[in-house]
Amino acid sequence: MNTSEKITLTELQFIIRDSLYIALPEMYWVAAEISEIRENFSGHCYLELIEKQHDEKNIKARIKAIIWSSRYRFLKSYFENITGETLKEGLKILAKVKIEYHELYGLSLIISDIDPAFTIGEMAAKRQMIIARLEQEGVFSMNKELILPAVPRRVAVVSSSNAAGYSDFMKQLHENSYGYKYYTALFETVMQGTETEESVINSLNRIADNIEYFDVVVLIRGGGAQTDLSWFDNYRIAYHVTQFPIPLITGIGHERDMTVTDMVAFQSCKTPTAVADFLIGCVADTETHLTELSRNITELSRVIIERNRNRLELSRLRLIPVSRIMISEAKENLSGKIVEIINTGKDFIIRAGFTPLNQKSRLTSLVRTYSLDKDTMLKRTIHDLKLFAGKAIEKNNNNLNRMESSVIMLDPANVLKRGYTVTMKNGKILKSCESIETDDAIDTRFSDGHVISRVEMTGKETTKL
Amino acid sequence: MSKKEFSFNEAVAEIEEILANIENGELDIDKLSLEVKRASELIKQCQKKLRSTEDEINSIFRELI
Amino acid sequence: MSKKEFSFNEAVAEIEEILANIENGELDIDKLSLEVKRASELIKQCQKKLRSTEDEINSIFRELI
Amino acid sequence: MSKKEFSFNEAVAEIEEILANIENGELDIDKLSLEVKRASELIKQCQKKLRSTEDEINSIFRELI
Amino acid sequence: MSKKEFSFNEAVAEIEEILANIENGELDIDKLSLEVKRASELIKQCQKKLRSTEDEINSIFRELI
Amino acid sequence: MSKKEFSFNEAVAEIEEILANIENGELDIDKLSLEVKRASELIKQCQKKLRSTEDEINSIFRELI
Amino acid sequence: MSKKEFSFNEAVAEIEEILANIENGELDIDKLSLEVKRASELIKQCQKKLRSTEDEINSIFRELI
């Protein structure tokens, strides 16, 4: 190559430029990480895009990029609207680029479009990775599982004193309408940028060294710019949060998405003010709970008192009739006794009356028997008298009759009438022939006269009648 | 015997005596007849007495019942 | 017997005696009717006594009822 | 019996004795009516006693009721 | 019973005993009216006791309401 | 009960016991008015206790609101 | 919590326990008044703590920062 063929630098640059245009006439969709980004006074945005090694440390490729202000205004708001992120260092983007070569500034990429979906996907993937790791380590919900004190009043604040969010928080908390008293200690911390990780972890460690003085930690960051969330999609911060021994509440200030730090925190609020409200709410809840408890105690006690009063009242109401019943039963019993005594007394009298009554009837019947006996005896006497008198008369009568018949039999007149005669000698009746001698004159008497005869002969037993 | 109260027992005794005398046969036939007559009379009187006593007693008993 | 208080038992005893006498036949017919009369009288008195006692007792009982 | 307090039980016993005497028939009829009178009087007193006791009981309880 | 405190229960027991005695008929009628009188007195005392208890209780209740 | 702390529960138990005794008729009439007095006193004390407890509770509530 | 700071959690727990005790206490009035007294004290302390400043804590915090 000789010197005559020399060209100017400009000419060279033009050759390079034209060659590039010819060689790379098209637009490309390039995925890269923003390593620098700044907006100049005229609204153009100058970036440096890089690609890192797999170790995420060493840079593999680097190039400048520009978004012209006319485009930038649109892209910026569109991107932020879609992703909730600002275009900032560390962000991975998918940009539609045209390669441009400027003789003065060299090679750069002119970005005409950025696909927010890619960034969202990248961010999500990063978050997912951190979440998966925390879960794999079994620490993801450790802070959530802590118990928040009933009254979280001693608050460690991890924030930056310059942040608007910090003063919002302090004002909201200390000037609460309930008049609750809170104690806050600020642990000055860098809340964005690359120092964020170390600063947050440092603050958390300091708090942990004095853990006995605190009920709760709040992690808050200024309100205003809704940017740079991704600083808290950070594994180390999230890990420290999970391992923190007291509940940690985040108020990092974003509307749409949660960072991993929010996810593992005990509680995440949208804003620092919301964190303050949460803390006030906790105390208020506790106070409400106390009020409810005391109301319950009061009500329950009233119920108990009322029941006891009712029970007592029942006893009191029972006491009267029960005593009266006892008395009236005793009265009835006594009346019963009166009747019983009258009845048994009368029964007794009636039974006792049987004896004289019985004696009376025995007396009358004995007297009747007695007089009947005497009467019978007298009647028998009459009968005997009759009988004996009759016998006496009969006997005498018989005697008389016998005598009469003897007299009749003995009457000579009767003998003579029957043909018998009586022979007499010298007036004397002869009963034997012995005194008769032959020639004796005997007088023989007949019933109608007598004959005197001379005995011619005598002899004994000559004739038999 | 009309004046003197008639005695049944005496009459019976007399009759007994008469009967004994008759039986002894020591009596004159005329006396015998007399004695027999006497005895008969006494018997009759006795019987009368007996009747009257009986009547008396009966009338007593009639009263008694 | 009018003066002296009549005794039922004595009367009964006398009646018994009379009865015995009559039964034994030792009694004279002449006395028989007298004795019967006596006995009858005694019996009557006894009956009267019995009646009067009965009446007395009845009147006592009448009071009693 | 006027001075001494009348005893129902003694009266009953005495009546029993009188009853036994009458039953045995050992009693003279002359005494019968006396004894009956006594027994009857005792019975009357017993009944009177019973009635008066009843009255007493009734009057005691009239007060009560 | 004047010195000693009157006991309702003892009084009732005594009344029961009197009742039993009367019921058993072991009692002399002469004593009956005495026993009945005693029972009646006991009942009266019991009634009095009941009335006084009732009054006492009523006054307690008046305070209580 | 002056020295010893008054116990509502014991008092109520005692009242119940007294009531049961009265109801069961196990109680002597002689003791009734004493027991009723006791029960009434206990009821009064219990009512007082309830009132004081109620006041306490009311004061708690007043402080809270 | 260094000097044994009053613990709301413990206080609330104790109040809750008291409520449970009252609930389970089968209406024991004697316990009720004790428990209510204790609860009242705890509640008062809690409320006082919530709104009053504790210099001790403030000074500790000043040192810390």
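Bear in mind these aren't lab numbers, they're just calculated from the coordinates by the rules spelled out. Fair warning: this is a prediction, and the values are worked out from it, not measured in the lab. As a convention, Cβ positions derive from the backbone with ideal geometry for all residues, glycine included, and neighbour counts pool all protein chains shown.
General observations
- Pairwise Cα inverse-distance average, inverted: Kirkwood Rh of the range A:3-126 (Å): 15.7 Å
- Amide H contacts for A:M424 (H built 1.01 Å from N in the peptide plane; partners 5 or more residues away or on another chain; cut-off under 5 Å): A:L430, A:D443, A:T444, A:R445.
- Debye, to nearest 20: dipole size of the protein assembly as shown, +1 on Lys, Arg Cβ, -1 on Asp, Glu Cβ: 1760 debye
- Per DSSP, loop GluC sites (Glu not before Pro) in the range F:7-43 with at most 14 further Cβ within 10 Å: F:E26
- The range A:370-409, Cα convex hull volume normalised per residue, Å³: 23 Å³
- Using the Karplus relation 6.51 cos²θ - 1.76 cosθ + 1.60 with θ = phi - 60°, the per-residue 3J(HN,Hα) values for the range A:261-277 come to 4, 4, 5, 8, 5, 4, 8, 10, 10, 6, 9, x, 4, 5, 5, 4, 4 Hz, with x marking Gly and Pro.
- Per-selection Kirkwood Rh - chain A (Cα, Å, 1 d.p.): 37.6 Å
- Where trypsin sites (Lys or Arg not before Pro) in DSSP loops with at most 15 other Cβ within 10 Å are excluded, longest remaining stretch of chain D: D:5-65
- For chain A, with +1 on Lys and Arg beta carbons and -1 on Asp and Glu, the positive-most of A:Q267, A:A330, A:I452 along the dipole: A:I452
- Each helix, a run of at least 4 DSSP H residues, gives -39500 (n - 2.57); summed and divided by the residues of chain A, these come to -18000 deg cm²/dmol at 222 nm.
- The range A:1-62: GluC sites (Glu not before Pro) falling in loop per DSSP and having at most 11 other Cβ within 10 Å: A:E26, A:E56
- Too-long pairs where the Cα-Cα distance tops 31 Å, listed order kept, from A:K374/C:K31; A:K431/B:K37; A:K425/B:K37; A:K76/A:K144; A:K379/D:K31; E:K48/F:K48: A:K76/A:K144; E:K48/F:K48
- Helix A:196-209 axis versus longest C-alpha principal axis of chain A: approximately 40°, rounded to the nearest ten.
- Selected from E:L50, E:A11, E:I60, residue furthest toward positive end of dipole (chain E; charges at beta carbon): E:I60
- The three principal axes of the C-alpha atoms in chain F carry coordinate ranges of 53, 25, 15 Å, sorted with the longest axis first.
- Phi to ³J(HN,Hα) by Karplus 6.51 cos²θ - 1.76 cosθ + 1.60 over the range A:170-187, Hz, x for Gly, Pro: 5, 5, 4, 6, 6, 9, 5, 5, 6, x, 5, 9, 10, 10, 10, 10, 8, 10
- Using θ = phi - 60° and Karplus 6.51 cos²θ - 1.76 cosθ + 1.60, couplings along the range D:36-44 (whole Hz; Gly, Pro as x): 4, 4, 4, 4, 5, 4, 4, 4, 4
- Given charges at beta-carbon only (K, R positive; D, E negative), |dipole| of chain A in Debye: 5580 debye
- Given 15 as the ceiling on other Cβ atoms within 10 Å, longest exposed-site-free region of chain A for chymotrypsin sites (Phe, Trp or Tyr not before Pro) in DSSP loops: A:179-419
- Degrees between helix G:55-64 axis and first principal axis of chain G (Cα, 0 to 90, nearest 10): 40 degrees
- Spacing of the two label points (7 Å from each Cα toward its C-beta) at C:F6 and A:N162, in nm: 17.3 nm
- D_trans [Stokes-Einstein, Kirkwood Rh over alpha-carbon pairs] for the range A:168-308, 4 °C, 1.567 mPa s, µm² s⁻¹: 77 µm²/s
- Placed amide H near A:T250: partners under 5 Å, 5+ positions off or other chain: A:L219, A:Q267, A:S268, A:C269
- Angle of helix B:8-24 to the longest C-alpha principal axis of chain B, folded into 0 to 90 degrees and rounded to 10: 20°.
- By the beta-carbon count within 10 Å of each Cβ, the least crowded to most crowded order of D:D30, B:D55, G:D28, fewest first, is B:D55, D:D30, G:D28.
- Qualifying trypsin sites (Lys or Arg not before Pro) in the range A:403-465, where qualification requires a DSSP coil assignment and no more than 16 other C-beta atoms within 10 Å, comprise A:R418, A:K431, A:K460, A:K464.
- Top positive-direction residue, dipole computed over the protein assembly as shown with Cβ charges, set A:F140, A:I429, A:L104: A:I429
- P(r) histogram, all alpha-carbon pairs of the protein assembly as shown included - 10 Å bins from 0, percent: 2, 8, 8, 7, 6, 6, 5, 5, 5, 5, 4, 4, 4, 4, 4, 3, 3, 3, 3, 3, 2, 2, 1, 1, 1, 0, 0, 0, 0
- Amide hydrogen neighbours beyond the local backbone of A:E36, cut-off 5 Å, H modeled: A:E48
- The simple Förster model, with R0 at 41 Å and r as the Cβ-Cβ distance, assigns E:E41 and A:N310 a FRET efficiency of 0.30.
- For the range A:87-151, the extents of the C-alpha atoms along the principal axes are 67, 28, 18 Å, listed from largest to smallest.
- Hydrodynamic estimate: the Kirkwood radius of the range A:1-47 over Cα pairs, inserted into Stokes-Einstein at 37 °C and 0.692 mPa s, corresponds to D of 229 µm²/s.
- The charge dipole of the range G:8-64, taken about its Cα centre with unit charges on the Cβ atoms of Lys, Arg (+1), Asp and Glu (-1) only, comes to about 360 debye.
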